[in-house]
Amino acid sequence: MPEPTIKSDAHRDPLANWNGALMPLSEVKVSVLDRAFLFGDAIYEVIRIYGGRPFLFEDHVARLGRNLEKLNLPADAEAIAGRTRETIAASDVVEGIVYIQVTRGVAPRTHQFPVPAPQPNELIYVADFKDPYVSVRQQGVSVIVVDDMRWKRCDIKSVNLLANCMAAQAACEAECAEALFVDGNGRLTEGSRSSLFGVRNGTILTAPLRENILPGITRKLLMQLAEECDFPMREEALHLDNLSEIDELFLTGTTTEILPITLVDQRKIGTGTSGPIATKLYDAYKKTVDQLATTTG
């Protein structure tokens, strides 16, 4: 199955917040000299909304702040967080996503960062989104493996996603849900838009965080849930040549949630069905979502 499309209800435009001003997303206008357009000089976040409330919001805002610092972007993550909450409240979206993007702004085209620094452009928009994996979550999905062509700072959630898009397109053409990246040493790192976990002899494995891995927010939550469920866990890279030793394989992500993999390049994983650990972790994930609806504030 191809990647799900994030789109609004057919009868309404997503609500956007463009540099502090609320407007329909279709009315946002961006200069062609914006450095995101010219160079991909921007970062972004995608946050899930359940029951009208942003999920794991503080973790997303913290990562946004870290990435602003890494790229020396002079924007205030906490101020953006405040506008994000205001935009969600004004949108009336109950089940959806929030997209946040911060660019270095508009400046004459030069490769080095402009001096003086331009005013960053800050986009927030809220759109409806329904779980596209309901019908396949129990039986799992198929994926392909592609060579990792990305740059060496995948820990920065930048909008430079051409290699990810090419991998996702290859998966789509293969009628698969995702593409897994493999490095030059045969290590599986992550998906084109998701984090990767495996299970071997009852122990959950995932690649250790380095500059070639995005520190996924759902990845962090899953590790916490694994501890609460008393599942042993170790940060250890999965190797393509050793997939026959893996009992379960699954993806995590903001829109993916927890999604079992049952075929890799048409090779069966484990029993070829969703495994017990992935199933229990998904149940724990949904309980965490349900708790969001019952908390105040």
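Values in this text are rule-based calculations from the coordinates and carry no lab data. Please read all numbers here as calculations on a predicted model, not as lab measurements. All Cβ positions, glycine included, derive from the backbone under ideal geometry; neighbour counts span all protein chains shown.
By the rule of a C-alpha distance below 20 Å, with chain neighbours fewer than 8 residues away ignored, the lysines paired with Lys130 are Lys7, Lys286, Lys287.
The length gained by stretching the chain between Gln224 and Gln119 to full extension, at 0.36 nm per residue less their Cα-Cα distance, is 34.0 nm. Counting only lysines at least 8 places from Lys157 when in the same chain, those with an alpha carbon closer than 19 Å to its own are Lys70, Lys220. GluC sites (Glu not before Pro), restricted to the range 27-100: which are DSSP loop and have at most 16 other Cβ atoms within 10 Å? For GluC sites (Glu not before Pro) across the range 27-100 that sit outside H, G, I, E and B with at most 16 neighbouring Cβ atoms in 10 Å, the list reads Glu95.
With a Förster radius of 22 Å applied to the beta-carbon distance between Phe37 and Glu86, the computed FRET efficiency rounds to 0.25. All alpha carbon pair distances within the chain were sorted into 5 Å bins beginning at 0; the resulting P(r) in whole percents reads 1, 5, 11, 15, 17, 17, 14, 10, 6, 3, 1, 0.
Out of every Cα-Cα pair that the range 15-128 contains, those further apart than 17 angstrom amount to 53 percent. Taking other C-beta atoms within 10 Å as the exposure proxy, Phe39, Phe231, Phe129, Phe250 rank Phe39, Phe231, Phe129, Phe250 from fewest upward. Sorting 159-171, 252-264 by average packing, meaning the other beta carbons within 10 Å per residue, from highest down gives 252-264, 159-171.
About its Cα centre, the dipole of the range 141-293 is roughly 300 debye, where the only charges are +1 on Lys and Arg Cβ and -1 on Asp and Glu Cβ.
In this simple spin-label model, placing a label point 7 Å from the Cα along the Cα-to-Cβ direction at both Arg66 and Ala21 gives a separation of 3.5 nm. Taking other Cβ atoms within 10 Å as a rough exposure proxy, Ser158, Ser91 sort from fewest to most as Ser158, Ser91. A crude spin-label estimate for the pair Glu175 and Lys29, with each label 7 Å from Cα along the Cβ direction, gives 4.6 nm. Here the alpha carbons of the range 141-293 define both size measures, Rg and Dmax, at 14.6, 44 Å.
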